[in-house]
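Okay, so here's the structure we're looking at.
Values quoted throughout were computed directly from the atomic coordinates according to the rules given, and no laboratory measurement underlies them. If you're wondering where the values come from, they're calculated on a predicted model, not measured in any experiment. Positions of Cβ are generated from backbone atoms using ideal geometry, with glycine treated the same way; all protein chains shown enter the neighbour counts.
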Amino acid sequence: MRILGIETSCDETAAAVVADGTQILSSVVASQVDVHHRYGGVVPELASRMHLEAIVPVVQQALSEASLKPEMLDAVAATQGPGLVGALLVGFSFAKAFAYAHRLPLLAMDHLEGHLYSALLSDPPSVFPFVALLASGGHTGIYYLKARGDYQLLGQTRDDAAGEAYDKVAKMLGLGYPGGAVIDRLAQQGDPQKIVFTRPYLDKERFDFSFSGIKTAVQRYIASNPETWVAAHRADIAAGFQAAVVDVLVHKLLHAAKIKRCRHVAVVGGVAANQGLRDRLAEAAAHKKLCLHIPPMALCGDNAVMIASAAHHYLGDPKSTSLQDDVYSRHRRTVCEPDGS
Ligand code: KG4
Ligand code: ZN
């Protein structure tokens, strides 16, 4: 079963062909980072226009790298939400037209679900039931995945997402956008104990996060110290900030594994690329005898492989998508309602 996946929820135009849920035949990602970099963040209107320019060549490239013609596909899947409405509309409308023209079933996918299923693309793949930390630029939450299609949000951020906090702190330090990877690299040269920032665990027993407090603490630190001192200690600030974020993420994920009695734990989303987080989790998982699953770097950030792969689980679902369906910008409530347990 070969599925063409399309992802345009933010600033990456991506298309991929995946066979039988896990065999990646092609994956193309056209990033708009260079354009948005100038503005210090994603400009939604620009993102939509760039998706429009890129969508046809990106899909063509994905098909040609997979050596497939459209009629050799079994379905087309596209991200329906959450994300930027204008950006989503480009990929979703393209997928509708493509499905209609080639008489293929259309599968409307949830972006977060795509990230969650990328745990099954790690090596070795995750095994149900498992708990997953989804940390990206738009979302941060802890999920319990009991079986395919049966998952539960245990808790999520009440304000900024982890990746968003990285991007904002990078901006404060004059490191540009996006900031996650830059802070990660800089942090490795700094002393994480030199400048200690607050750890907002909220309630340590629950799974809600808050990252805006850490961000504000960094902002205050920068504002209350001389510019030359800040410039000379950027690596220590980055290391202190990263240590605070990683401490909270690791604590909550391990606590969820304990409460849900899961031996398998996963980390997905753009922030899963973070070396500091990966190292700390590898250490902690070994200590607690847990199996840790993190997708390969190329599948942590936004991509279309995760969309095609997640769609595989819905093939043949009687609730197949109608051409009247529309995109959505925020969480689909049925998918993401926390139960607090
Ligand atoms: O999953 P993703 O590509 O897009 C969303 O769905 O939001 O995640 C992007 C986020 C950005 O905020 C970026 O700064 C962050 O992931 N990120 C990182 C790293 N690489 C990307 N954050 C921390 N450390 C990294 N190495
Ligand atoms: Zn994402």
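Structure notes:
- Calculated P(r) tail over 16 Å for segment 56-115, as whole % of Cα pairs: 47
- Taking amide hydrogens as placed 1.01 Å from N in the peptide plane, the amide H of Ser26 sits under 5 Å from those of Val17, each at least 5 positions away in sequence or on another chain.
- As a rough footprinting exposure proxy, the listed residues Glu53, Glu227, Glu113 were ranked by other beta carbons within 10 Å of their own, and the order from fewest upward is Glu227, Glu53, Glu113.
- Rounded tilt (10° steps) of 85-101 against the dominant C-alpha axis of the chain: 20
- Translational diffusion of the chain, µm² s⁻¹ [Kirkwood Rh, Cα pairs; Stokes-Einstein; 20 °C; 1.002 mPa s]: 105
- Other residues whose C-beta falls under 11 angstrom from the C-beta of Met50 contribute a net charge of -4, scoring Lys and Arg +1 and Asp and Glu -1.
- Dipole axis of segment 30-130 (+1 Lys, Arg; -1 Asp, Glu on Cβ), positive-most option in Val33, Tyr100, Leu116: Tyr100
- Peptide packing for 6-12, 86-92 was compared via the average number of neighbouring C-beta atoms within 10 Å per residue; ordered from the highest value, the list is 6-12, 86-92.
- Cα-based equivalent ellipsoid of segment 128-294: semi-axis lengths in Å, sorted from largest, via gyration tensor: 29, 15, 13
- 14 Å beta-carbon shell around His37, net charge (K/R +1, D/E -1): -2
- Spatially, segment 185-251 and segment 119-149 are offset by 26 Å when compared through their Cα centroids.
- Total formal charge among the other residues, if their Cβ is under 12 angstrom from that of Thr140, Lys/Arg +1 and Asp/Glu -1: -2
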